[in-house]
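Since the structure comes first, as structure tokens, the remarks are kept for the end.
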Amino acid sequence: MSLVVWSLRRLVNYRVLLLIPLLWFAVALFLIGSHNGGSDQPVEDRGDRLLDGSKDDVDDSVLGSIREAIRLDKERVRAELWNADSADKSRSTKKSRDDVASAIDADIRNRMAKLKRKNEQFRQRLADLRKAATETTTAEETTTTTAKTTTGTTKTSSVTAKTSKTSTETTPTTTQQVTSKLPTPTGPGELGASVVVNKQLLDQRQLERFERGWKENAFNEYASELISVQRRLQDYRPKDCRNRKYSIEQLPNTSVIMCMHNEAWSVLLRSIHSVLDRAPPALLHEIILVDDFSNRPHLGRPLEDYLAKLGRVRLLRNKKREGLIRSRLVGASVATGQTLTFLDSHIECTDGWLEPLLQRIRDDRRNVAVPYIDVINEDNFGFFHVANERMVVGGFRWNTMSFSWQSMPQRIRQNLSSLAQPVPTPTMAGGLFTIDRSYFDELGRYDEGMEIWGAENLEISFRIWMCGGRIEILPCSIIGHVFRTRSPYSWGEGSGDVLKRNTIRMAEVWMDNFKHIYYRQFNNLLGDYGDVSDRLALRKRLNCHSFRWYLEHVYPEQLRWGNSTRIGVIQSFRLVGGDAWCLDGIRRQGGAEVSLQRCHNKGGNQVWTLSEHGELIRETDCLHYNGRALTLVACQGYGGYGKYQSWRYEDTGDRQIYHPATGQCLTLRHTAAMSQPGLSVESCRERDQSQAWRLPEVLDLSDSSPDLSTDGPARAVLEPLMPNVVE
């Protein structure tokens, strides 16, 4: 009898213990059921939730939790059995314990098998939900686009040959439509994100495409092809800009002129779509795309077919290679908009880019409006915005007469009351700007005597300011530009001569005696630069200011010499090893260096300027001696530490370069142990060739063109003005 009672008691204990894993099994079934069905949520809403990347592995996490709970319960059951057996060893055998444990193991295995089947059903259900959500989204977009055929065009562009993928793009006509109709941005490069391509993961065919894209375009075309041609961008504008409202009906419209040669397919389409999608239709009169004799297949019939579906895009083709300058003139000659907006073919316009440009033209037709230009990285096509507090303006380099970016001068910054305020700039890069069409004609368009490209940006910048106009950068208009470290296009031999020729034409017409600063960089070897008589007549007809006026009123940071200066090579009278030695300054990564090198008569690093104030200048650095070291550092002006940068030279007597702060002289130092001479500052000695130097003759930089330079048109040029906008 006691044996029967003991058996019943053990059976009850086992049943109670087995209830725990069964309860976990019930919880698992409940969780799976809640995912599989029984929800009142619409299928598309659940699809959106499940398509969230953080939910993709929810089934695996649930299954893992259940497995862990069952494992713990199994161990607990084994422990209970062991304790019970220890208390009742006299009435139990090892065989009975093993039998019970085996039964429990078998039961758990059966339940795990059922759970796995449920998990597979859950995975299939998840896939069905994703498919349903995708189909619902596509149907909604198709319905919306069809209902608004007057404002948008649906197009499917198969670019398998270029991108190995097919995409459907919708072209809304305003920024608001872009925001409301395009799906949530989740693709590569959305919101301006970088797309990093790991070459190690590419197969041979993909790697060849990757390398070919870089070679042909000087940017990562492979990365660009992974990005939608209508990708979304963030709103980078300052808050003051986003809050502004413009009276669209009162603004002039514009003809966008975009010139291109052998542009990459995805980059070109992204440029065009960014203009179309983010410009109010009432203001975008037309896009004129000028093809400068491209020979890539995708820019032939495929481009024509694609543009035909867009509307408002005209394609003009040059019959031979003309270059940027003449191509822009071709576009301007057929444009009918009230203003002209020149854009490059590798850009992306952001929200609200056009209205601020047109507002400034409406404020004064002589304003030339330049957008705030951000950087699209050539390697990964990330859109990088430079904070407005670090804004730069356009300038130029004297030694090459080429455009350069400069920090905003303090004289301008201190007059700005808002980050949204237009900023006057001495020059513009020239790739992106808006100008009144009739004013562009009156101003003389571009110099048709210039070839291909180069110097046209400085030429038109000088002309605008000197002839009564004004150039401004508008922080409320932001456009990204792909900046490349090299040009992918070949012009054959002599392309460098073209740039020099264009620059000389510009200097001859607009720079007066200051042109000699540039000419002495290459020993005044001008060559044939053509006839500029018509451009000189234009300057006289427009009653333009002198170049000195431009430097004094628009760009005083570049007027550092006074009315007279010496510019050229500084050569020692002492020969070493039978060679002549010249002062040489070069800027390296760690800073600028000064030394003595053999005279090469090619200008460049051996061209120096001795200003009226006694500074020995190499580009933007001055020869600096503090009594210990002779260095090249940034010019510091005439006070304070500037005394260490002050030198005197007389071209008679001992021809010494004297340092008043220390009372010493610049010296060529050489000993038998030295492989080449060096520079030092030592006590001045009479009739010592080591301290005798030959400098170029004095250059008169005062106004010297009375037949051309006049008082000029009256125009305030320095004060930054707020645009007249409707708040």
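What follows is calculated from the coordinates using simple rules that are stated; it is not laboratory data. This is a predicted model, so every value here is computed, not measured. Here the Cβ is made from the backbone with ideal geometry for all residues, glycine too, and neighbour counts use every protein chain on show.
A few remarks follow.
- Cα-only Debye scattering, the range 564-700: base-10 log of I(q)/I(0) at q = 0.09, 0.16 Å⁻¹: -0.23, -0.79
- The calculated FRET efficiency for the pair ARG445 and ASP528, based on their C-beta separation and a Förster distance of 25 Å, comes to about 0.60.
- In the range 493-553, the ratio of gyration radius to Kirkwood radius, Rg to Rh, stands at 1.00 when only Cα atoms are counted.
- Relative contact order, percent, the range 564-700 [alpha-carbon distance under 8 Å, six or more residues apart]: 27 percent
- Average Cα contact separation per residue, the range 163-482, under 8 Å, 6 or more apart, as relative contact order %: 22 percent
- Per-residue extension of 0.36 nm, minus the Cα-Cα distance of ARG541 and ARG397, leaves a gain of 49.0 nm for this segment.
- Residues ASP305, ASP528, sorted so that the one with the fewest Cβ neighbours within 10 Å comes first: ASP528, ASP305
- Global size of the range 163-482: 19.3, 59 Å for Rg and Dmax (C-alpha atoms, Rg to one decimal, Dmax whole).
- Formal net charge of residues neighbouring ASN523 (Cβ-Cβ distance under 13 Å; K, R +1; D, E -1): +3
- Entries of LYS540/LYS602; LYS320/LYS500; LYS215/LYS309; LYS320/LYS540 with Cα pairs more than 25 Å apart: LYS540/LYS602; LYS215/LYS309; LYS320/LYS540
- Here the label points at ILE586 and TYR649, each 7 Å from Cα along the C-beta direction, are separated by 2.2 nm in the simple model.
- On the basis of the beta-carbon distance and an R0 of 56 Å, MET112 and ASP305 show a calculated FRET efficiency of 0.45.
- Calculated FRET value between ARG312 and GLU208, using beta carbons and R₀ = 35 Å, to 0.05: 0.40
- Residues LEU596, LEU343, arranged from fewest to most other Cβ atoms within 10 angstrom of their Cβ, appear as LEU596, LEU343.
- Listed from fewest to most Cβ neighbours within 10 Å, the set ILE586, ILE567 follows the order ILE586, ILE567.
- Maximal additional length on extending the LEU416-VAL576 stretch stands at 52.0 nm, based on 0.36 nm per residue less the C-alpha distance.
- Compared with the alpha-carbon gap, the fully stretched path from GLN234 to MET674 is longer by 152.4 nm at 0.36 nm per residue.
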